[in-house]
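Novice: After the structure tokens below, expect a handful of questions from me.
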Amino acid sequence: MSSWNPLSSRRRTSGGGRAPLKLPSFDGDEAELNSYINKLVNLEDCVKKLSKDAKKFSDLTLSVNRCEKKMTADLSNSSLCQQDEELRKLVEEWHSFNCGADEASQELVMLVHKTVVEPVKRFSGVFSEVRVATRKRDQTLRICMKNKEKVQSLQEKEFKTAQYVVKLEHSKIDLENMFLDYKRQVASLKEEIPQVYDGRIDFFQPCLEALIKSEISFWGDETRLFNSLMDTCKQQRERKLNSEEQQQKRFASLQALSIVGTE
């Protein structure tokens, strides 16, 4: 952030012990303006982190689902699952769940891009405009200081000819016009930068609300898919229990037969 912090409006005094020329001061205006500029610098840092975190979140979301989908695909093709029909069916259901979750993850990533990444990119254009405006302000101030030194130098000349008087008057006019331009630039920045900063909530709140709703929808879909998988597991357990119960009944029936000897 410090690379563009435009708090560079420092007054320079000319050397040689010369008294500085009395000029209008804008320190009061600049103090308030520079306070908002510092806030905008911090806001830009926050916006950059938000964009970076959103992209990282998207990458990790896709990565997790792809890793789990690969794991279930490898299991489905393994000898471990091929040798047991019930285990194979369970893993296949699990793989179907991961395929559905992967599609939902891709949709979530698309929504993250629309609700966060793209809006942040549009908002970041404001910071570039502010940098251009503040650099123009600093350039105008440097010209003012240069004109000030020129006027001071002319005023200190001992021999004042008609040509000197004309040149001094022109220099004063140039200095006055440049300071008026500088004052207009400061006033414009003082009005517009607070509007940008104060409007940050109105801009980002709908974006983050949309992201939260997208995540709620995503995790809702994940929960429904997971519950479907759990139903499959439950049904398999019930079938297994029923099979064991029937087998126990068969054993009991066999033991009850008269042809089964007992000691």
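The values are calculated or read from the model by the stated rules, or taken from the named source; none is laboratory data. Here the structure is a predicted model, which is why all the values come from computation and not from measurement. With ideal geometry, Cβ positions are generated from the backbone for all residues, glycine too; neighbour counts draw on all protein chains shown.
Novice: Return yes or no: is residue 143 surrounded by 14 or more Cβ atoms within 10 Å (Cβ to Cβ) and out of contact with any Lys or Arg (no Cβ under 9 Å at 6 or more places or on another chain)?
Specialist: Considered against the rule, which asks whether it is surrounded by 14 or more Cβ atoms within 10 Å (Cβ to Cβ) and out of contact with any Lys or Arg (no Cβ under 9 Å at 6 or more places or on another chain), residue 143 comes out as yes.
Novice: Here's something else I'd like to know. Could you tell me whether residue 97 is under 24 Å from residue 211 (Cα atoms), surrounded by 15 or more Cβ atoms within 10 Å (Cβ to Cβ) and at pLDDT 90 or above? Spell out the reasoning first.
Specialist: Values: under 24 Å from residue 211 (Cα atoms): yes; surrounded by 15 or more Cβ atoms within 10 Å (Cβ to Cβ): yes; at pLDDT 90 or above: no.
Criteria not met by residue 97.
Novice: Under 7 Å between Cβ atoms, at least 6 apart or on separate chains: pull out the pairs that start in the range 59-73 with a residue that is more than 11 Å from residue 95 (Cα to Cα) and end on any residue that is among the small types (Gly, Ala, Ser).
Specialist: 61/105; 62/105
Novice: Ok, one more. Looking at the structure I just gave you, is residue 188 over 30 Å from residue 34 (Cα atoms) and modelled with pLDDT of 75 or more?
Specialist: no
Novice: Here's another thing I want to ask about it. Out of all the residues in the range 179-224, which are hydrophobic (A, V, I, L, M, F, W, C), buried (at least 17 other Cβ atoms within 10 Å of the Cβ) and closer than 30 Å to residue 98 by Cβ?
Specialist: Hits for the range 179-224 are 207, 211, 218.
Novice: In this structure, does residue 156 turn out to be loosely packed, with under 15 Cβ neighbours inside 10 Å, in contact (Cβ under 8 Å) with a residue 60 or more places away in the chain and more than 30 Å from residue 65 (Cα to Cα)?
Specialist: Numbers: loosely packed, with under 15 Cβ neighbours inside 10 Å: yes; in contact (Cβ under 8 Å) with a residue 60 or more places away in the chain: yes; more than 30 Å from residue 65 (Cα to Cα): yes.
Spelling it out, residue 156 is indeed loosely packed, with under 15 Cβ neighbours inside 10 Å, in contact (Cβ under 8 Å) with a residue 60 or more places away in the chain and more than 30 Å from residue 65 (Cα to Cα).
Novice: Name, by its number, the condition in (1) within 28 Å of the chain's Cα centre (by Cα); (2) farther than 30 Å from residue 39 by Cβ that does not hold for residue 75.
Specialist: Here residue 75 clears every test but (1).
Novice: Looking at residue 124, is it more than 30 Å from residue 228 (Cα to Cα) and buried (at least 18 other Cβ atoms within 10 Å of the Cβ)?
Specialist: So residue 124 fails the test.
Matching residues to (1) farther than 30 Å from residue 50 by Cα; (2) free of Cβ contacts under 8 Å to residues at least 24 places away in the same chain; (3) assigned to a helix (DSSP H, G or I); (4) touching a strand residue (DSSP E or B) at 6+ places or on another chain (Cβ under 9 Å):
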residue	(1), (2), (3), (4)
120	no, no, yes, no
126	no, no, yes, no
131	no, no, yes, no
141	yes, no, yes, no
145	yes, no, yes, no
164	yes, yes, yes, no
167	yes, yes, yes, no
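One line per residue, one yes/no per condition, for (1) under 30 Å from residue 189 (Cβ atoms); (2) among the hydroxyl-bearing types (Ser, Thr, Tyr); (3) in contact with a Lys or Arg (Cβ under 6 Å, 6 or more places away or on another chain):
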| site | (1), (2), (3) |
| --- | --- |
| 80 | no, no, no |
| 86 | no, no, no |
| 95 | no, no, no |
| 98 | no, no, yes |
| 109 | no, no, no |
| 123 | yes, no, no |
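Novice: Within the range 177-192, is even one residue touching a helix residue (DSSP H, G or I) at 6+ places or on another chain (Cβ under 9 Å) and closer than 30 Å to residue 112 by Cα?
Specialist: Within the range 177-192, one or more residues are touching a helix residue (DSSP H, G or I) at 6+ places or on another chain (Cβ under 9 Å) and closer than 30 Å to residue 112 by Cα.
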